[in-house]
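Heads up: the structure comes next, in structure tokens.
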Amino acid sequence: MDLTSEEREILEGKHGAFRQMCMNWIIEWGTAMNAKRLVPVSNVHVLFSDQGNCIKGAGSETIGFFYNELMTALKAGARCFTTTDVSYISDDFWEELHTDRTQVENNRNLLKAALGTGFNMVWTCIPYFIGSFPLKGEICAWAESSCIPFCNSVLGARTTRHSQASSMAAAVLGLTPEFGELLDENRIGEIMIEVDVELKTNTDWGALGDYIGMLTGLKRPVFKTRSRPIVESLSQLGASLATTGGTAMYHVIGITPEAPTEDKAFDGKQPQGVVKFSKKELESTYQRLSVKKNEIEICVLGCPHLNLKELEWISNLADGRKVAVGKQLWICTAYQIACQAEKLGYRRLIEATGAKIMVDSCPAVACWGEWRGKTIITDSFKQGRYLLAQGNEVAVRDVKTCIDCVMEVYKK
Amino acid sequence: MNGPRIVKAERIVGAEAGGVALVADETLSFWGEFDPLTGKVILPGHPFYDQNLRSKIIVMRGIKGSSGVEASLRLAAMLKNAPAAMINIDIDALAVLACVVSRIPLLKIREEDLKSFSTGDILKIHGDKGYIEIVHNNKLVLCMT
């Protein structure tokens, strides 16, 4: 890889051991991915929490190691606008969820230490709904598997799939290796998906992603559909595609910025394959994630985090109702959005039902291991898939059905 | 029994490794579907469910899903619960990063070569030389006994 003199100095350790480690990571990664050079990034979304849920039950030495590394990253500082992904810790519910007290303290210390470092500890998986809005063509380094396809596909900005080490390196160095979706030739559609069923809810778009992700994996699908998505539908689509597959980018013909036409989506080339998604596939996708309605104990909404529009809608659906005895309703959103919802009165309406609003985190991470064996309903195929792996019985349905399943009979 | 067999492979990360193979025509997310504290796959219904990946050579289609994969594998590697090597058909950028950071050799094989491997095989990886040696073929032994 061609390095500038400054990059070489960092690699030699002249800018400190932490920057050197970061540089080593991205150079070895970039070389393996056939990157020719490092390029400046202007927007980073970083996984910035210790190994979190995975670490539950690990020794204090292990917890301390990752905490120290994050503190070192903060001391080094971010060289460009940087937001952080969901934390593994919910400061409001940590006792109820039996989170290790040391980890909670560590998290609070990280928040305090972040001031002035350039790391914006927003702890949400929807940076794009709280003001991080890179423009078309902007070079980003986004972690969080659901954010990555949103960044590439919906915003038209450019990021490869990032994880903790590479996004942290991008923040601290302001650099990322140039390969994959950063290059024009790796943004062209590969598989044509002909959707001939009407997608009526955001969760239907999630179902489409869940089914197609299993077939297309890391490839870039191009969706041809007469259904018109709203932005939240695309949030669901990308999240589920990246969960069962791992794609960094997709196109929806006529909707997403790099696919104004079918021809443009494929850059005039033939698709590598054509897949049909009809009523049968939609129904079987829901069928795979189904439970008996009377067994549902917990409803989880907000994966990816809910935005203001969705909270407004949920407050309307929930107004005047109560969560049934023995059942739980969890609503997950960004801190900023919860604050706005409080001012507007939505939060009061939602919490009056007995629902809990979780910010900074989400059940797939904060409740790790806590809900083993519980039967859960959610509107998100991504959340559903990860709850399945945690030993839950899971159903995925649209928001209204989810809420109805845990609410008492309507009394308004 | 046939002698050692050779499968061509492209070195992506690392070079040498050896161990017992776990093989499936599947993908896995190393965050959320794998527990780094034990090394076990926790996703019910996955071919590797409840199997320990510690020191094994994982032969599968590739890595999918969460961007937590690198953090999770790095933790597993620190706790000595990580696989000895990974052999994939589809190379995800995150798999590469995870293997770089966790010091796990990663090789790419051709799709048609996946069937050359079976669970229980003893493999020797020669990344720099571009091949994998099947030192002990489990399928052949099973046929003989």
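Details
- Extension gain, residue A:92 to residue A:186: 0.36 nm times the residue separation minus the Cα-Cα distance gives 29.6 nm.
- Taking Lys and Arg as +1 and Asp and Glu as -1, the other residues whose beta-carbon sits under 13 Å from that of residue A:406 total +3.
- In order along the stretch A:203-219, the Karplus-derived 3J(HN,Hα) couplings, from 6.51 cos²θ - 1.76 cosθ + 1.60 at θ = phi - 60°, round to 5, 4, 5, x, 5, 4, x, 4, 5, 6, x, 5, 8, 9, x, 8, 6 Hz, and Gly and Pro are given as x.
- Rounded to whole Hz, the Karplus (6.51, -1.76, 1.60) HN-Hα couplings of the stretch A:342-357, x for glycine and proline: 5, 4, 7, x, 5, 4, 4, 4, 6, 5, 5, 7, x, 6, 10, 9
- Springs join every pair of Cα atoms under 10 Å in this Gaussian network model of chain A, and among A:74, A:387, A:344 the largest mean-square fluctuation is at A:344.
- The stretch A:356-375 and the stretch B:29-62 have Cα centres separated by 22 Å.
- Reachable aspartates and glutamates, given that their alpha-carbon falls under 15 Å from the alpha-carbon of residue A:322 and they are not under 8 places away in the same chain: A:297, A:351, A:404, A:408
- Dimensionless Rg ratio for chain A, taking C-alpha atoms and the 2.2 N^0.38 Å reference: 0.99
- Gaussian network model of chain A, springs between alpha carbon atoms under 10 Å - residue of A:262, A:181, A:283 with greatest fluctuation: A:283
- Among the residues of A:23-33, the average count of other protein chain beta-carbon atoms within 10 Å of the residue beta-carbon is 5.
- Peptide A:243-249 has a mean shielding of 5, counted as Cβ atoms of other protein chains within 10 Å of each residue's Cβ.
- Averaged over peptide A:386-392, the number of partner chain Cβ atoms lying within 10 Å of each residue's Cβ comes to 5.
- Long pairs among A:219/A:276; A:219/B:40; A:382/B:64; A:56/A:356, criterion Cα-Cα beyond 20 Å: A:219/B:40; A:56/A:356
- Among A:114, A:73, A:32, the residue with the largest mean-square fluctuation in a Gaussian network model of chain A, with springs joining Cα atoms closer than 10 Å, is A:32.
No lab work stands behind these numbers, since they all come straight from the coordinates. The model shown is predicted, which means the values in this text are computed figures rather than measured ones. All Cβ positions, glycine included, derive from the backbone under ideal geometry; neighbour counts span all protein chains shown.
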